[in-house]
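Comments concern the structure below.
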Ligand code: SF4
Ligand code: SF4
């Protein structure tokens, strides 16, 4: 592998289930290209798990890059910032890839990309100041989850002994985390040191799937230099199996600890952060510039020029695809996110969100299997890393028996798609799991 003398650990826990997907990391060697700023962005007020923000600007206002344009007093949320400079031309609504409708601020560019003049590195001397700064950065989990980072970091002091930096990137096609490790490795290490020191976490594991030898080489080399002065930081190579990057699976692989149903990673002494989130945090602490752009992979058989790009938040999916040469064949399926957990979209006039890490477009020959009856082969159960029987849960959904859905463990489903991927009958198992979970939520609401 060419890792001269660097310390690279092997996984501690062996993942049960999961599936071997074709990696298709076609853009792994392509540097991230910054696209020209668009003429217009539409910035949704809900780009995270938790409470939506409310717009704090009005039509006609002049805004600049990094200026806060949406906020809320709710704890589980993250403020939203202008990603281009210009004039607010609308404060209305937009529809997201998952079908949700949210409020949104439209900004027409002045072509200047002027930085907000109030931007300066945050003053951080205490844990509280650090958490306030993380909130002000607008950072959410950039690996796709969109969970507000300041909430994740607000664990009880002394309860976390291991920071697991998630660089698994186990979904096919997506390579931006791999590029982050290679192109911005010192930001990654700097972000790790900041989190480790301020939150007093003694041990750090950077977990990478072993199909990314270049990232492992770069990270292990600099981790070794940092470790000499700053305590334990190790790189761990993991088996390339999907969904290796799912939070609970990652914790088990990296530490051998299992997060019980309904519990948090901090309950077993762990904090998991995506590698791009850690790097962004380092840049924010240095510059004070909040989260206003992100990197994503544009790929798939229908895309003319697959590549990794960096774009302002709120730029339209269609415009990004145009910059990648447009479609080379009629797209049969367009997805924001990975092919396993992403959302299919029918309209490309939707904005890129903070947590979007890919835009994929496929022609018809790469489309899904035809749906037929279940043949009771059991492959969906064998593939499930959470020990669920997706075929059985699909049958319970039809009966409407919510108690039985709960007993079957429905709520621990992480919607990873391994069951559907394995199903020879093309059953819509993930949609069924989502439906089952929503039935449980609705029943809980109805019962107060
Ligand atoms: S049941 Fe849920 S957790 Fe299990 S494989 Fe299917 S989507 Fe993944
Ligand atoms: S994998 Fe598909 S066909 Fe096989 S048991 Fe599960 S749902 Fe049925």
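Within the range 388-406, the residues that satisfy the criterion of being more than 22 Å from residue 372 (Cβ to Cβ) and surrounded by 15 or more Cβ atoms within 10 Å (Cβ to Cβ) are 402, 404, 405, 406. Residues in the range 359-376 that are farther than 30 Å from residue 299 by Cβ and touching a helix residue (DSSP H, G or I) at 6+ places or on another chain (Cβ under 9 Å): 374, 376. Checked against the criterion of being within 19 Å of residue 145 (Cβ to Cβ), under 22 Å from the mean Cα position of the chain (by Cα), touching a residue at least 60 places away in the same chain (Cβ under 8 Å) and not assigned by TED's automatic domain parsing to the domain that holds residue 425, the range 313-334 has at least one qualifying residue. Against the numbered list (1) outside the structural domain of residue 197 (by TED's automatic domain parsing); (2) crowded, with 24+ Cβ neighbours inside 10 Å, residue 249 comes up short only at (1). The helices (runs of 4 or more DSSP H) falling completely within the range 356-448 that include 1 or more residues that are within 16 Å of ligand 2 (Cβ to nearest atom), farther than 26 Å from residue 140 by Cβ and touching a residue at least 60 places away in the same chain (Cβ under 8 Å) map to 379-383, 418-422. Looking only at residues of the range 112-131 that are free of Cβ contacts under 8 Å to residues at least 40 places away in the same chain and surrounded by 12 or more Cβ atoms within 10 Å (Cβ to Cβ), we find that the one that is farthest from residue 158 (Cα to Cα) is 112. Surrounded by 15 or more Cβ atoms within 10 Å (Cβ to Cβ) and within 21 Å of residue 172 (Cα to Cα): does that describe residue 385? For residue 385, the condition - surrounded by 15 or more Cβ atoms within 10 Å (Cβ to Cβ) and within 21 Å of residue 172 (Cα to Cα) - is met. Can you confirm whether residue 390 is at pLDDT 90 or above and within 10 Å of ligand 1 (Cβ to nearest atom)? In short, yes. Any residue in the range 178-186 that is in the same structural domain as residue 280 (by TED's automatic domain parsing) and more than 26 Å from residue 342 (Cβ to Cβ)? Yes, because at least one residue in the range 178-186 is in the same structural domain as residue 280 (by TED's automatic domain parsing) and more than 26 Å from residue 342 (Cβ to Cβ). Criterion applied to 278, 298, 272, 305 was being under 18 Å from the mean Cα position of the chain (by Cα) and outside the structural domain of residue 162 (by TED's automatic domain parsing), and the one residue passing it is 298. In summary, residue 443 fulfils each of the numbered conditions (1) in contact with a helix residue (DSSP H, G or I) (Cβ under 6 Å, 6 or more places away or on another chain); (2) within 15 Å of ligand 1 (Cβ to nearest atom) with the single exception of condition (2). Applying the criterion of at least 3 residues that are farther than 18 Å from residue 165 by Cβ and at pLDDT 95 or above to the helices (runs of 4 or more DSSP H) found wholly in the range 234-349 leaves 317-323. Screening residue 185 on (1) more than 22 Å from residue 295 (Cβ to Cβ); (2) touching a helix residue (DSSP H, G or I) at 6+ places or on another chain (Cβ under 6 Å) shows it passes everything except condition (1).
The values are calculated or read from the model by the stated rules, or taken from the named source; none is laboratory data. Treat the numbers as computed from the prediction; the structure is a model and nothing was measured. Quick reminder, even Gly has a Cβ in these numbers, built from the backbone with ideal geometry, and neighbours come from all protein chains shown.
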